[in-house]
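Read-outs throughout are calculated quantities, based only on the coordinates presented, and are distinct from any laboratory measurement. Model, not experiment: these values are computed from the prediction. Cβ coordinates were reconstructed from backbone atoms using ideal geometry, including for glycine residues, and neighbour counts include every protein chain displayed.
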Amino acid sequence: MLEWIFATIPLFKVAHIAALLTWCGGLLALPLMLSRHDPNGFAEDYRKIRHATHNVYTLVVTPAAVLAVIAGTWLIFLRGVFVPWLFAKLAFVVLLVVAHVWIGHIVVKVAELPEDHNPPRPVLPLLAVSVPVVAILILVLAKPAFDGVRFPDWLLEPRGGQLPFEVPS
Ligand code: HEM
């Protein structure tokens, strides 16, 4: 009856990958943009780069993150991937979200306290983003079985809730 829902898997995958490319690309660009902030330079240049970082964070990177998470969550149920590599991936997604919030905090501080606050050197935020991204890509592309690792049953078995459609086995 609800076969059409499964026909949307490729669409959600495209949306997921397009959104995560924008999200991760933006998170890598922002530390480099922040390193160009110089409150001692020309006021007009400072205003432009400050607006650019603010707009990239609020209008591009954050909406892309929300879309990537929504499409990814939907794919978990459509593809029925209740498997260890996905849980490991989600742990690294949490780290990526922490890096996202940290970079947002720097964007706000640079805008509100330009005279007191110098953005950190880009290397630390770049590492905070690239380590989880590389780990996530290894996990989703290699899909390791984690045979030697014992996961609690509640992570691997259905909890008795019912979705409005059948999940493929
Ligand atoms: C809460 C966030 C996320 C969730 C719930 C999620 C979930 C998923 C699911 C269920 C799939 C389909 C897997 C399959 O069809 O076997 C998928 C695919 C994929 N995800 Fe995510 N994901 C999230 C975030 C990310 C992030 C941040 C990245 C990269 C940095 C990423 C990279 C990918 C890639 C490359 C694929 C395609 C893998 C393939 O088809 O072989 N995901 N994701």
task = Calculate how steeply helix 43-55 sits against the longest principal axis of the alpha-carbon atoms of the chain, using the helix alpha-carbon long axis, and give the answer as 0 to 90 degrees to the nearest 10.
result = 10
task = Would you work out the relative contact order for the chain, in percent, from Cα pairs under 8 angstrom that are 6 or more residues apart?
result = 33
note = So, with points 7 Å from each Cα along the Cβ direction, the Ala29-Lys109 label distance in nm works out to 2.4
query = lysines within cross-link reach of Lys143: Cα-Cα under 17 Å, excluding same-chain residues under 8 positions apart?
reply = Lys13, Lys89
note = Nearest 10, in degrees from 0 to 90: the angle of helix 9-34 to the longest Cα principal axis of the chain is 20
task = Please list 151-159, 57-65 highest first by mean number of surrounding beta-carbon atoms within 10 Å per residue.
result = 57-65, 151-159
note = Taking Cα atoms only, helix 123-142 is inclined relative to the longest principal axis of the chain by an angle, in degrees rounded to 10, of 20
ask   = What residue among Val69, Val134, Val107 shows peak mean-square fluctuation when the chain is described by a Gaussian network model with Cα springs under 10 Å?
value = Val134
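Per 0.36 nm of contour for each residue apart, how much would the distance between Arg150 and Phe77 grow if the chain were fully extended, relative to their Cα-Cα spacing?
24.0 nm
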remark   = Taking R0 as 35 Å and r as the Cβ-Cβ distance between Arg121 and Ala7, the FRET efficiency 1/(1 + (r/R0)^6), rounded to the nearest 0.05, comes to 0.15
message = Full-extension gain between Val60 and Lys48, please, as 0.36 nm times their residue separation minus the C-alpha to C-alpha distance.
response = 2.6 nm
task = Would you kindly state how much longer the chain becomes between Ala142 and Ile70 on full extension, computed as 0.36 nm times their sequence separation minus their alpha carbon distance, in nm to one decimal?
result = 23.7 nm
note = Calc'd 3J(HN,Hα), region 74-86, phi into Karplus 6.51 cos²θ - 1.76 cosθ + 1.60 (θ = phi - 60°), Hz, glycine/Pro = x, comes to 4, 5, 4, 6, 5, 8, x, 8, 9, 10, x, 4, 5
